[in-house]
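J.: Below you'll find the structure I mean.
The values are calculated or read from the model by the stated rules, or taken from the named source; none is laboratory data. The model shown is predicted, which means the values in this text are computed figures rather than measured ones. Glycine also receives a Cβ, built like all others from the backbone with ideal geometry; neighbour counts cover every protein chain displayed. Just so you know, the surface numbers come from the protein's heavy atoms only, side chains and all, with ligands and any DNA or RNA stripped out. Shrake-Rupley method; radii C 1.70, N 1.55, O 1.52, S 1.80 Å.
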Amino acid sequence: MIPYKTIIELDRKNRLPLYIQLANQFIVLIKNQTIAASAKLPGTRTLAAVLDIHRKTVIACYDELIIQGWIESIPKKGTFVIPNLPILDKHDFSCTKAEVRSICAGFSFENTSILNGNFKNKKEGYVHFNDGVSDTRFAPVDEISSIYRRLIKKKRNQKYLTYGNTHGNPELRSALVDYLNDTRGLYISEENILITRGSQMGIYLASQLLLKQGNFIIVGETNYISADISFKHAGATLLRVAVDEHGLDTKEIEKLCKTKSIKAVYVTPHHHHPTTVTLCAERRLHLLNLAQKYNFAILEDDYDYDFHFNHAPILPLSSHDTNGNVIYIGSVCKTVAPVFRVGYLIASKDFVDACAAYRRNVDCQGDSILELTFSHFIRTGGLDRHINKLLKIYRTRRDLFCTLLEKELSEYFSFETPKGGLAIWLVLNKKYDWELVAKEALKYKLDVGNWKKYCNDSNNHNALRIGFATYNEEEIIELVGKLKTTMTSLKPTLNNSLRIESMKI
């Protein structure tokens, strides 16, 4: 007789009904062969008495097990475990049963290191460097949530609660067409735009359709790491060209076009990521002519068009494209807050439709009500008001950050004050290296993040991209102070190393 009273535990405070708890435990006992196949189960009155529960609970449990196919009731004989149940093969895992379910897959799958990208989680209590993001404390949450609540209550918007157009909410597409035509000099219609969940989705969709194993894509010698990951995952070979104070070197691009079949060129022309330099007019036109001549796509990632401090924004390449070579990608994530996953991909109708078809099998649509909300936010001037407010704040923060870096840390770093964007490109004195700086900085609760992300075989720039927009004035002072303390503490170490090397000589 199986000691049911000691091996079965029922919790009356558990959210699961008692009969389900009992049924689940019977299933475990049957699977691990504690109760053998064809074994007879106790009568309902007997088991109820043993477990001190109502007989109806046991009856409901047995009914559930019969429905699930674990047991059968034979008239005038009793209730039995189904005969000939397959026995689960047991593997000798090095981890426990709980760990097997959580970390040890019982099948093979592709787990490429390409997708990891050396991304790190933030440490609590530390000051963190970032790549250049908006300060979410200024996100117009009240205005956006008010619009959202108002729209979702209206009966005429119930149509957006079900599956809709993979291309995105039609009202947002219409609003963005008007907005982008007015602000960026584009000449597009609604059939040229696909709403995405941020610019990264646009990059991924475009790379999956454009690139195959062995295709060549040209990028800068320093480049946006997430774009590199998407291109490599698509199987492409990355060809890197120099980036100077005028942006991508298009003469190098032309040389590559003469010797290789180039499929695409990825560019962030407004402010090159990560160095923040702007692609000059001459190279913009040269790149467009090369795209027409050699039939490659220009993947234009205009990630921070809205943030310009010294002059009016330079119109994107897409505004000059008359041959359908440019795929233009942007979002409101950087401008408003990363949590609002609203972006767009703009290209010829056939390419947009192909992207929508590909996207349908991964994420059939975005948040239609959120997209509708942003269409109203744009049309009522909310986005423009928000941008104008941030421009003043971020200009002040840029100026303070650069002034303090120049005053306190010019011995260790060099940089160019960016004309726009949300970050600077900080070049470390070659006497030092970022690995030592990063390790020392942790002592002072300063996390410089992944200092390797912009390093590759073709460069040794010893630089890091550091955002300033997300910190207020007090936080900027604290960050620069921690960085100064870090560098000052490293100086004696460097001097000792130089002294030892001198003695060896």
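J.: Express the C-alpha Rg of the stretch 142-234 as a ratio against the empirical globular expectation 2.2 N^0.38 Å, rounded to two decimals. All intermediate terms of the calculation are to be shown ahead of the outcome.
T.: Values: Rg = 17.6 Å, N = 93, 2.2 N^0.38 = 12.3 Å.
Computed over Cα atoms of the stretch 142-234, the ratio equals 1.43.
J.: I've got another one for you. Considering only DSSP beta bridges where both residues belong to the stretch 108-265, give the percentage that are antiparallel (nearest 5).
T.: Details: 2 of 10 bridges.
Taking every DSSP beta bridge within the stretch 108-265, about 20 percent pair in antiparallel fashion.
J.: Rounding to the nearest 10 and keeping the result within 0 to 90°, find how far the Cα-based axis of helix 170-184 lies from the longest principal axis of the chain.
T.: 20 degrees
J.: If you take every residue apart from residue 172 with its C-beta less than 12 Å away from the C-beta of residue 172, what net charge results, scoring Lys and Arg +1 and Asp and Glu -1? The partial results should precede the final answer.
T.: On the way: positive: 173, 379; negative: 171, 178, 190, 367, 371.
Result for the local shell: -3.
J.: Mind giving me the FRET efficiency for residue 461 and residue 32? R0 is 60 Å, r the Cβ-Cβ distance, nearest 0.05 is fine. It would help to have the intermediate numbers written out before the result.
T.: Working: r = 59 Å, r/R0 = 0.99.
So the FRET efficiency works out to roughly 0.50.
J.: A further question on this structure: For the chain, which whole percent of the accessible surface, found with a 1.4 angstrom probe, sits on carbon and sulfur atoms? Don't skip to the end; give the middle numbers.
T.: Numbers: 13680 of 26630 Å².
Accessible surface attributable to carbon and sulfur in the chain totals 51 percent.
J.: Measure off 7 Å from each Cα along the Cα-to-Cβ vector at residue 281 and residue 388, then give the distance between these two points in nanometres to one decimal.
T.: In this crude spin-label approximation the distance works out to 2.8 nm.
J.: Estimate the FRET efficiency between residue 379 and residue 145 by the formula 1/(1 + (r/R0)^6), using the beta-carbon distance for r and 22 Å for R0, to the nearest 0.05. Walk me through the intermediate numbers first.
T.: On the way: r = 17 Å, r/R0 = 0.79.
In this case the efficiency is close to 0.80.
J.: Let me ask something else. Quick one: work out the % antiparallel among DSSP beta bridges in the stretch 191-288, nearest 5.
T.: DSSP beta bridges in the stretch 191-288 are roughly 20 percent antiparallel.
J.: Could I ask something else about it? Let's test this: bin the Cα-Cα distances of the chain at 10 Å from zero up to the farthest pair and state each bin's percent.
T.: In whole percents, the pair-distance histogram is 3, 15, 20, 18, 14, 11, 10, 6, 2, 0, 0.
J.: Let me ask another. Output the antiparallel fraction of DSSP beta bridges having both residues in the chain, as a percent to the nearest 5. Spell out each step's value before the answer.
T.: Numbers: 24 of 42 bridges.
Rounded to the nearest five, the antiparallel share is 55 percent.
J.: Given a Förster radius of 25 Å and the C-beta distance between residue 311 and residue 138 as r, what FRET efficiency does 1/(1 + (r/R0)^6) yield to the nearest 0.05? Write out the running numbers ahead of the final one.
T.: Details: r = 23 Å, r/R0 = 0.93.
Calculated value: 0.60.
J.: Could I ask something else about it? What accessible area per residue, rounded to a whole number of Å², is obtained for the chain using a probe radius of 1.4 Å? Provide the component values of the computation, followed by the final result.
T.: Values: 26630 Å² over 505 residues.
That works out to 53 Å² per residue.
J.: Work out, step by step, the length gained on full extension between residue 111 and residue 73: first 0.36 nm times the residue separation, then minus their alpha carbon distance; give nm to one decimal. Let's see the in-between values first.
T.: Details: separation 38, 0.36 × 38 = 13.68 nm, distance 4.72 nm.
So the chain would gain 9.0 nm between residue 111 and residue 73.
J.: Given points 7 Å out from each Cα along the Cα-Cβ axis, report the residue 349 to residue 84 separation in nanometres with one decimal.
T.: Using points 7 Å along Cα→Cβ, the separation is 6.1 nm.
J.: Give me the distance in nm between label points sitting 7 Å out from Cα along the Cα-to-Cβ direction at residue 320 and residue 54, one decimal.
T.: 8.0 nm
J.: May I ask you to list the residues of the stretch 399-421 whose amide nitrogen lies under 17 Å from a point 7 Å from Cα along the Cα→beta-carbon direction of residue 472?
T.: Backbone N within reach: 400-401.
J.: Let me ask you something else. What per residue convex hull volume, in Å³, do the alpha-carbon atoms of the stretch 180-294 yield?
T.: Values: hull volume 13.7 nm³, N = 115.
Convex hull volume per residue, Cα atoms: 119 Å³.
J.: Still on this structure, I have one more. Could you tell me how many degrees, from 0 to 90 and to the nearest 10, lie between the Cα long axis of helix 349-360 and the main elongation axis, the longest principal axis, of the Cα atoms of the chain?
T.: 30 degrees
J.: Quick check on the chain: helices-only [θ] at 222 nm, where DSSP H runs of length 4 and up contribute -39,500 (n - 2.57) each and the sum goes over total residues. Nearest 500, please. Walk me through the numbers before you get to the answer.
T.: Values: 16 runs with 212 residues, N = 505.
Estimated from H runs of four or more residues: -13500 deg cm²/dmol.
J.: Given the Cα-Cα distance of residue 187 and residue 5 and 0.36 nm per residue of separation, how much length would full extension add, in nm? Walk me through the intermediate numbers first.
T.: Details: separation 182, 0.36 × 182 = 65.52 nm, distance 7.64 nm.
Difference between extended and current length: 57.9 nm.
J.: Filter 56/77; 392/452; 392/431; 419/439; 159/232 down to the pairs with a C-alpha to C-alpha distance above 29 Å, please.
T.: Details: 56/77 20 Å; 392/452 32 Å; 392/431 37 Å; 419/439 31 Å; 159/232 39 Å.
From 56/77; 392/452; 392/431; 419/439; 159/232, over 29 Å: 392/452; 392/431; 419/439; 159/232.
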